[in-house]
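Structure record follows, encoded as structure tokens.
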Amino acid sequence: MHKSVAAEISSYLKHGDYSVAVRRVLDLCLDSGVDDLIKKAINWSREYHAYEKADPGKTLPRNFIDTAENLLAEATKPETGTWQNYQLVSAEKISKTYSKGNFSLKPISISINTGNVLGIVGENGNGKTTLLRCVAGQLALDNGEIKYHLLKDPDSYAIKNHIAFIPQRIPKWYGMLKDNLHFSAAIAGIYGDKNNLMVDFMLERLNLSSYAHLTWNQISSGYRTRFEIARILLQKPRLLILDEPLANLDINAQQTILTDLIFMAKGSHNPMGIMLSSQQLHEVEKVANTVIFIRQGDCLYKSNDKEGKITSNAVEFETTAARETIIDLFGEDNIELQFNGGFYTIISSQLSAQQIIGRMIEGQVPVTYFRDITYSTKRFF
Amino acid sequence: MNKRLLVPRFLQELDDKLLRNKPGTWAARTHLVVYFTVLFALLTAAFCYFVFFDAKQDSSIISWNVFVGLIAFIGFVFWLIFLLRFNVFKRYGNWFAMDSLKDFALYFIAIGAMTGVCFVPSAVETYRANQQFGNEEIVNDINELNVSACKLEYGLLPLTWTPDTFRVVPKLPNRPVNEETTVVVATDTVLSEEPGHISYKYELIDTAELRVKIMNADSLLKLNDTMYVFYDCPDYTFVSARADEYTTTKLLYSADIYYSTIKNYRQPDKAALLKRMEALKIKYAFDSRNYYGDYYDNNNSSYTSRIIKKYDLSGINSGIDNVVMKKYDWVKNWNDYLRVFYYITLLFTLLVFIFRHSTVKTFFLSVLTGVLLSIITALIMAVSDGSGSSILSFMIFYYAVFIVLALSILGVRVRKAVQGIGLNLFVFMTPFIPWIFVQLNRSMKERRYYEEEDMLLYKTVNWSLYFLLAEIAGALILLILVHTLFKKLYRRWYSAPEE
């Protein structure tokens, strides 16, 4: 596993994808479990950020690449910390009705393993947060059962110690960012030098080092989300639940944070499962093993149940061509064409996505955006 | 390392070490509170040391206590702001077996330090008074002043003692008795009267009062087994202060002065005495005469008034009174101060402890419930003309209800505010429950004493000891329950899912 990651990082370095290479090297060194190596990786990451700050985009010196290769070589030596896939949480037909109001979450079953990402999508007010809070042990269930497979006869405190929940509106924290991180690590049992090391690691890993001495009011909402993730990760949860984590992040940060979380979830340092809700369908679908679509509290679609349920292909695209041109292009074929004011959607049980785009290229239809949404929850919106 | 104003390096290092190793201890910030409190106490002590330069002056300690108390309260609020930032329990961190007890102890120490600083001014005042005046010195000076005044003003002094006759009976009648009787005075009991048949007007007293009168009598004549004549010596003490409670030298009473100076009066060296009186006046006189003092001085032509006015003994009296009050303040009142310190610290500690383990909403609902129950109980008492023991019974009833509510947490799967309120009030009342039981017991025995005059049940009991034991028991029960039951209940209640 380590060797393949090392090869992947070498490729990043070779092609100049330094940012992702630095992050992956940090992960790899963390997984090695060797403190000195983690320290070296942190220093190397700091070096990288200093270069980036001084002159963004400039080719990095040779010794920087050499250090990276040395780190890779050292990090792949230890045989400890192999990642294992095991079940973390399973919920069987859980449902919830609020005593005030008329909303109810209808019976739903889920299962999360280490390294898995479960995405919950749906419109606002349809039960995504309710489901997340039920799994996090914050809301009492009406029916069904949740099993936390790593805990033996847990009480609610142990469950909440085991699971981390990051709400959409992150509660305000006080004091310096760094103090909060040290505190979070310490309450999770990371003491002394290890505490310093892990905080430094997390600051570098989430690119928060230059914000370490700032307070809540001094950082943007996007950095508050990053900070909250860093804080929670230091507490080493086995299941990380995030409610709309992408809402406050810019486009780059959205993808970076998601991929970072996946990398860390699959790491041997703290293998964990991730459950998140989001409106950013494509970003979530890209990283999630399973995507659940909820409407009015009911699970309408689960991506790993797609076999047999999806009977037609669907694409969405954006074009300046007139609707009649498109209809003429697919005249012979039995397609369903919809326009939502921005995008066209074609649903066809005969044509695949490749055939549809091929037909449009042949017909010289100008296409500015095209996406296959056959297996995407987007088709339910 | 975080740099804090006025915090030395070793404390910064300790702070950093605690943050990384003992997050619960670090979050309580007790180390910083104690440090800043010690700094403030030293500053207050130094300031008071110079302000309280003259122990003769009237004490302004109340103002000082209020002033320092307000600053300590501001410090308390400031500490709360920092304390509420970090909470291991509410963050669902690793919560070890001793953590609840440790937290309670840390809060108690921090609040105790802030409460303790309020006593610094009075401690400094006492220290300064003791530094300026010795115990024996004051007693000797008072005796010297009184004896000198008597020597100088011998001509003004009355020399006749006042007799007062009493007959001792086992039980006093309901109506006052002032009868006249004639008794035969036995020769061997007579001290200053001729033997024979003498008529006496007497009052009835019981044996308890007789004992008191014998202890305080200047002189007494026992006429027979039941009749006593007590003689009161004229007052020769112009300067009087209870200064000899903790000295080997005792103050001279009027009778002592009579026997030592007046009975066999010899002409003194008046010039030397006057010089000495002037020196003592300079040493002690402090003019704090009020309206009543002036009235007394201007409207009383008695020998005492004339002597006091002539030698400005009222000023000396005021000065000595102030000195004595300040000197023995802590010796006399230490147990009261200890109780004030303990209860203020305990109350605030309980509130902070409850707040740290409860939701904000439930905490304030608990406070509201406590206030409402107090009002309702007071109303019931007012309407039903209830006694003190009824209030105590109500409190025990409330406590039982809170116990039931709190224990019901063990069997639920949803967090409910009413159980949280019950738990909070259960915790809050626990240290006071033994005291309430002792007080209830005392009230019941007191009532029985008045109804049945069963003295054995009430007056022979050392109630102060029982109250002390109840206070200690309350504290111990609280600590035991914090460690065993309360932490479990809070853990279960706080982490339970919401409805």
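Note down all Cβ pairs under 9 Å where the first residue falls in the range A:57-79 and is closer than 14 Å to A:Y12 by Cβ and in the same structural domain as A:D35 (by TED's automatic domain parsing), the second is modelled with pLDDT of 90 or more and basic (K, R), and they're at least six residues apart or on different chains.
Final answer for the pair search is A:L71/A:K40.
Could you grab the pairs with beta carbons closer than 8 Å, sequence gap of 6+ or different chains, first residue in the range B:256-269 and crowded, with 18+ Cβ neighbours inside 10 Å, second one assigned to a helix (DSSP H, G or I)?
Between residues of the range B:256-269 that are crowded, with 18+ Cβ neighbours inside 10 Å and residues that are assigned to a helix (DSSP H, G or I), the close pairs are B:I257/B:N146; B:I257/B:V147; B:I257/B:C150; B:T261/B:V147; B:T261/B:C150; B:T261/B:K151; B:I262/B:C150; B:I262/B:Y154.
Go through the residues of the range A:135-144 one by one and say whether even a single one is within 12 Å of chain B (Cβ to nearest Cβ) and touching a Phe, Trp or Tyr at 6+ places or on another chain (Cβ under 8 Å).
yes
Considering (1) touching a residue at least 40 places away in the same chain (Cβ under 8 Å); (2) away from chain A (no Cβ under 14 Å), say which one B:V51 fails and leave the rest.
All conditions are met except number (1).
Hey, does the range B:451-474 have a residue that's exposed (fewer than 15 other Cβ atoms within 10 Å of the Cβ), within 24 Å of the chain's Cα centre (by Cα) and either modelled with pLDDT of 95 or more or within 14 Å of another protein chain (Cβ to nearest Cβ) (or both)?
Yes, some residue in the range B:451-474 is exposed (fewer than 15 other Cβ atoms within 10 Å of the Cβ), within 24 Å of the chain's Cα centre (by Cα) and either modelled with pLDDT of 95 or more or within 14 Å of another protein chain (Cβ to nearest Cβ) (or both).
When residues of the range A:350-381 are filtered for being outside any helix (DSSP H, G or I) and either surrounded by 12 or more Cβ atoms within 10 Å (Cβ to Cβ) or not hydroxyl-bearing (S, T, Y) (or both), how many remain?
16
Condition first: more than 9 Å from every other protein chain (Cβ to nearest Cβ), within 26 Å of the chain's Cα centre (by Cα) and modelled with pLDDT under 95. Can you find one or more residues in the range A:181-195 that meet it?
Within the range A:181-195, none of the residues are more than 9 Å from every other protein chain (Cβ to nearest Cβ), within 26 Å of the chain's Cα centre (by Cα) and modelled with pLDDT under 95.
Which of the following residues is within 16 Å of B:F348 (Cα to Cα), surrounded by 15 or more Cβ atoms within 10 Å (Cβ to Cβ) and within 14 Å of chain A (Cβ to nearest Cβ): B:W95, B:W79?
Residue meeting the stated conditions: B:W79.
So B:R442 clears everything in (1) within 14 Å of chain A (Cβ to nearest Cβ); (2) crowded, with 17+ Cβ neighbours inside 10 Å; (3) at pLDDT below 90 except one condition, right? Which one?
Exception for B:R442: condition (1).
Quick test for you: out of B:I396, B:I477, B:I409, B:I436, pick the one residue that is closer than 30 Å to B:M98 by Cα, within 14 Å of chain A (Cβ to nearest Cβ) and in contact (Cβ under 8 Å) with a residue 40 or more places away in the chain.
After ruling out the rest, the residue left standing is B:I409.
I'd like to know if the range A:26-35 contains one or more residues that are closer than 25 Å to A:Q255 by Cβ, free of Cβ contacts under 8 Å to residues at least 60 places away in the same chain, in a helix (DSSP H, G or I) and touching a His at 6+ places or on another chain (Cβ under 9 Å).
Within the range A:26-35 (the criterion being closer than 25 Å to A:Q255 by Cβ, free of Cβ contacts under 8 Å to residues at least 60 places away in the same chain, in a helix (DSSP H, G or I) and touching a His at 6+ places or on another chain (Cβ under 9 Å)), the answer is yes, since at least one residue qualifies.
When you check A:I170 against the structure, is it closer than 30 Å to B:F78 by Cβ, away from every other protein chain (no Cβ under 13 Å) and either of a type in the set (A, V, I, L, M) or in contact with a His (Cβ under 6 Å, 6 or more places away or on another chain) (or both), yes or no?
yes
What helices (runs of 4 or more DSSP H), lying completely within the range B:84-152, carry at least 2 residues that are touching a Phe, Trp or Tyr at 6+ places or on another chain (Cβ under 7 Å) and within 30 Å of A:R231 (Cβ to Cβ)?
So the answer is B:99-116.
Which of the strands (runs of 3 or more DSSP E) found entirely inside the range A:68-138 contain at least 2 residues meeting this: among the basic types (K, R)? Give the steps one after another, and end with the answer.
Values: elements: A:87-97, A:104-113, A:117-121.
In the range A:68-138, A:87-97 are the strands (runs of 3 or more DSSP E) which contain 2 or more residues that are among the basic types (K, R).
Which pairs turn up if I take residues in the range A:156-173 that are without any contact (Cβ under 8 Å) to a residue 12 or more places away in the chain and look for partners that are in a helix (DSSP H, G or I) and buried (at least 18 other Cβ atoms within 10 Å of the Cβ) with beta carbon separation below 9 Å, at least 6 apart in sequence or on another chain?
A:Y157/B:R491; A:Y157/B:R492; A:Y157/B:Y494; A:Y157/B:S495; A:A158/B:S495; A:N161/B:S495; A:P171/A:E228
Going through the range A:360-375 one residue at a time, which ones are hydroxyl-bearing (S, T, Y) and more than 15 Å from A:S348 (Cβ to Cβ)?
If we filter the range A:360-375 for residues that are hydroxyl-bearing (S, T, Y), which is where we start, we get A:368-369, A:374-375.
Matches in the range A:360-375: A:T368, A:Y369.
The values are calculated or read from the model by the stated rules, or taken from the named source; none is laboratory data. Note that the structure is predicted; figures quoted are calculated from it, not measured. Note that each Cβ is placed from the backbone with ideal geometry, even for glycine, and that neighbours are counted across all protein chains shown.
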